[in-house]
1. Just to be sure, is LEU81 under 14 Å from LEU20 (Cβ atoms), open to solvent by less than 60 Å² (accessible area, probe 1.4 Å) and over 12 Å from the mean Cα position of the chain (by Cα)?
2. Tell me which residues, restricted to the stretch 1-34, are within 23 Å of SER57 (Cα to Cα), part of a strand (DSSP E or B) and open to solvent by less than 40 Å² (accessible area, probe 1.4 Å).
3. Counting only residues that are of a type in the set (Val, Ile, Thr) and in a loop (DSSP other than H, G, I, E, B), which one in the stretch 98-121 is most open to solvent (accessible area, probe 1.4 Å)?
4. Conditions: (1) over 16 Å from PHE29 (Cβ atoms); (2) loosely packed, with under 14 Cβ neighbours inside 10 Å. ALA75 meets all but one. Number of the miss?
5. Being of a type outside the set (Asp, Glu), in contact with a Pro (Cβ under 8 Å, 6 or more places away or on another chain) and at pLDDT 95 or above narrows it down to one of LEU47, LEU86, so name that one.
6. Are any residues in the stretch 84-97 among the charged types (D, E, K, R) and open to solvent by 60 Å² or more (accessible area, probe 1.4 Å), and if so, which ones?
7. For the stretch 51-87, which positions are of a type in the set (A, V, I, L, M) and within 18 Å of VAL104 (Cα to Cα)?
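The values are calculated or read from the model by the stated rules, or taken from the named source; none is laboratory data. Just so it is clear, the structure is predicted and the values come from calculations on it, not from any experiment. In this analysis, Cβ positions are derived from the backbone assuming ideal geometry, glycine residues included, and neighbour counts consider all displayed protein chains. The area values use the complete protein model at the heavy-atom level, side chains included, leaving out ligands, DNA and RNA. Shrake-Rupley method; radii C 1.70, N 1.55, O 1.52, S 1.80 Å.
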Amino acid sequence: QVQLVESGGGLVQPGGSLRLSCAASGFLFSTHAMSWYRQAPGGERELVAAISSTGGSTKYADSVKGRFTISGDNAKNTVYLQMNSLKPEDTAVYYCAAASTSVVTSTQYNYWGQGTQVTVSS
C-alpha cells in the first residue's frame, strides 16, 4: 500500500521557520523525483519545490527561492522542506507528491500525500 505522510506543519510567526517531512512507503522511493506543492484557501495548487531521485537536481518556485530548501534521504524514504523567513503568504496546505519519473521536470505524479497545514501569522 502506497503512503505519503506529511508532518511538521503548524502555526509560526512571520520570519520563523518550519521543516516539513514526507515519509514514503509502498513504492521504490529512490527512483522517483519528489515535489512539494501547496494550496492556499481559494487558490490553485502550485509547485513549491522539486528534487530529482538522486538529489542532484532541484527546482523552486520564484516565490520561495532563497528561503526554502528541499532535500531527500533515500535511506529513510523521506523528503524534507526546510522553510525559513516565512511570510503570511506562505500560508497553505502543503502536499508532497511522487513524480512518475526521476527528473525534476516531471509534470505527472503517481502518488500524493494528505497534506499538512502551515499557517504564518502573528
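1. Numbers: under 14 Å from LEU20 (Cβ atoms): yes; open to solvent by less than 60 Å² (accessible area, probe 1.4 Å): yes; over 12 Å from the mean Cα position of the chain (by Cα): no.
No: the conditions fail for LEU81.
2. Within the stretch 1-34, LEU4, GLU6, LEU18, LEU20, SER21, CYS22, ALA24, MET34 meet the criteria.
3. So in the stretch 98-121, the residues of a type in the set (Val, Ile, Thr) come out as 101, 103-105, 107, 116, 118-120.
If we keep only those that are in a loop (DSSP other than H, G, I, E, B) too, we end up with 101, 103-105, 107.
On the way: THR101: 58, VAL103: 69, VAL104: 23, THR105: 98, THR107: 119 Å².
Looking at the filtered set, the residue picked out is THR107.
4. Going through (1) over 16 Å from PHE29 (Cβ atoms); (2) loosely packed, with under 14 Cβ neighbours inside 10 Å one by one, ALA75 breaks only (1).
5. On the way: LEU47 fails: in contact with a Pro (Cβ under 8 Å, 6 or more places away or on another chain).
Exactly one residue qualifies, and that residue is LEU86.
6. Filtering the stretch 84-97 down to residues among the charged types (D, E, K, R) leaves 87, 89-90.
Result: LYS87, GLU89.
7. Our first condition is that a residue be of a type in the set (A, V, I, L, M); within the stretch 51-87, this holds for 51, 61, 64, 70, 75, 79, 81, 83, 86.
Of everything in the stretch 51-87, those that are of a type in the set (A, V, I, L, M) and within 18 Å of VAL104 (Cα to Cα) turn out to be ILE51, ALA61, VAL64, ILE70, VAL79, LEU81.
Each row is one residue, and each column tells you yes or no for (1) in a strand (DSSP E or B); (2) more than 18 Å from GLU89 (Cβ to Cβ); (3) without any contact (Cβ under 8 Å) to a residue 60 or more places away in the chain.
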position	(1), (2), (3)
TRP36	yes, no, no
GLY43	no, no, yes
LEU47	yes, no, yes
ALA50	yes, yes, yes
GLY55	no, yes, yes
LYS59	yes, yes, yes
LYS65	no, no, yes
GLY72	yes, yes, yes
LYS76	no, yes, yes
